[in-house]
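The values are calculated or read from the model by the stated rules, or taken from the named source; none is laboratory data. Owing to the predicted nature of the structure, the values given are computational and were not obtained by experimental measurement. With ideal geometry, Cβ positions are generated from the backbone for all residues, glycine too; neighbour counts draw on all protein chains shown.
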Amino acid sequence: MSTPPDPNRVPPLPERWRRIVVKIGTSSLTDDHGRLHRPAMWALARGIETLCAAKGCQAVIVSSGAGAIGRERLGLSLPLTLPEKQAAAAVGQALLMLEWDRALAPRAVAQLLLSVADVQDRERYVNAKHALEATLRLGVVPVVNENDSVATAELRVGDNDTLSAWTAYLVDADALVIVTDVAGLYEADPRRSPGARPVAVVLDAESVVEPQDRPGTTRGTGGMATKLRAARIATRAGIETLVIGRGGSALEALARGEVQGTRFLAKPRTAARKAWIAEQAPRGRVAIDAGARDALARGTSLLPSGVVAVDGDFEFGDAIDVVFEGAVVARGLTNYGSDALARIRGLRTDRIAEVLGAKDFDEVIHRDNLKTLARGDSMPTR
């Protein structure tokens, strides 16, 4: 990261965006004592309005802060038990929405609480997408947060940086803007290395070594590592990501074309469905022969005849990796469970019914449910 990118490879910021997602962390909404700082929130609201006016875009806000505001209202001190965290989030979410409604007036706001199932389960993902689209169509500003009041560690998206990247998928955003208390990515942690230089542009988020950082403040749950992971998720789908300094002034500067932080340039745009497939955690894998590898490269479906081995325990509709000579070449949603696929691997499609007693599909993975890799790329890992 020490070598600046070639300016000829860095396109200017687009003059227009159709839709953006703005993620705002707890530290940007609260004071040093963890209390809601209304002037900061109102400045952020003005910054969002200024940016949208300049770019002609709609905005979706992913807002942290419910837990901190709930703890303040209830007079609770850290550390908290899981039920206490859930209760504080439930209380704080109502207060957070009330404050956003005031800050963004006369625009109406809508609360949308998401869980990991809403972004991993295809039907729920589509339902959430439709709800967001309808809200935006009505001229309302959606304010998204994780459903902390019912989520446990196993059911969490994990942090609002990651949630903001998924939200950018849901609304087909042009840009993801992450507002934080550290103005972008540095070559080293500026809190420990005061001379560390900022990184203005990252051509490929996949090439950046993930920092082993702590949360930016005791009030937040993220850090630069979670922001980098969010940038990877978003840029893989063709969504440029900007990590900018704390406060509404950084948003207003962005409206003028000035990035007070780091730009993560997007990869070529990927269809939302295939981008979603690429981000799913694989439940197993199938190995294929050279003929199938070449066929997938031409954009065809994966047939049983090209499968040489099956690994893992998976069912219909699960995401699985497709492997050639040990390397992942594609990820897709399987039409056959692992047991059935092991029985029909290597066979022509006209023999599926003979072996299984019925044939529901010719394809192991239909091309519409298959995300193949370009040369030199790699699949996301979890």
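The selection criterion, being of a type in the set (Asp, Glu), over 22 Å from the mean Cα position of the chain (by Cα), assigned by TED's automatic domain parsing to the domain that holds VAL21 and part of a helix (DSSP H, G or I), does not hold for ASP118.
Just one of the listed residues (ALA271, ALA297, ALA266, ALA327) is modelled with pLDDT under 95, assigned by TED's automatic domain parsing to the domain that holds LEU29, within 30 Å of ALA231 (Cα to Cα) and surrounded by fewer than 16 Cβ atoms within 10 Å (Cβ to Cβ), and it is ALA271. Every residue in the range 247-263 that is without any contact (Cβ under 8 Å) to a residue 60 or more places away in the chain and crowded, with 18+ Cβ neighbours inside 10 Å, please. Across the range 247-263, the qualifying residue is only ALA253. Contact map, the range 16-35: first residue touching a residue at least 12 places away in the same chain (Cβ under 8 Å) and surrounded by 24 or more Cβ atoms within 10 Å (Cβ to Cβ), second residue in a loop (DSSP other than H, G, I, E, B) and among the β-branched types (Val, Ile, Thr), Cβ cut-off under 7 Å, separation 6 or more or different chains; pairs are VAL21/VAL171; GLY25/THR180; SER27/THR217; SER28/THR180.
Does ASP101 qualify as being more than 26 Å from ARG46 (Cα to Cα), out of contact with any Ser or Thr (no Cβ under 8 Å at 6 or more places or on another chain) and either part of a helix (DSSP H, G or I) or modelled with pLDDT under 90 (or both)? In short, no.
Taken over the range 307-321, residues that are over 13 Å from ARG345 (Cα atoms), assigned to a strand (DSSP E or B) and of a type in the set (A, V, I, L, M, F, W, C) amount to 2. Does ARG285 meet the test of being closer than 28 Å to ALA165 by Cα and either buried (at least 18 other Cβ atoms within 10 Å of the Cβ) or modelled with pLDDT of 95 or more (or both)? Judged against the criteria, ARG285 is a match.
Conditions (1) closer than 30 Å to GLY65 by Cβ; (2) under 21 Å from the mean Cα position of the chain (by Cα), marked per residue:
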{"site": "MET224", "(1), (2)": "yes, yes"}
{"site": "ALA230", "(1), (2)": "yes, yes"}
{"site": "GLU240", "(1), (2)": "yes, yes"}
{"site": "LEU254", "(1), (2)": "yes, no"}
{"site": "GLU258", "(1), (2)": "yes, no"}
{"site": "LEU265", "(1), (2)": "yes, yes"}
{"site": "ALA278", "(1), (2)": "no, yes"}
{"site": "PRO282", "(1), (2)": "no, yes"}
{"site": "ALA295", "(1), (2)": "no, no"}
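Applying the set (1) assigned to a helix (DSSP H, G or I); (2) touching a Ser or Thr at 6+ places or on another chain (Cβ under 7 Å) to ARG71 leaves exactly one unmet item: (2).
Check whether at least one residue in the range 255-267 is within 21 Å of ASP204 (Cβ to Cβ) and of a type in the set (Val, Ile, Thr), and report yes or no. Looking for residues that are within 21 Å of ASP204 (Cβ to Cβ) and of a type in the set (Val, Ile, Thr), one finds at least one in the range 255-267, hence yes.
Of everything in the range 102-129 that is among the acidic types (Asp, Glu) and surrounded by fewer than 17 Cβ atoms within 10 Å (Cβ to Cβ), the residue that is farthest from GLY70 (Cα to Cα) is GLU123.
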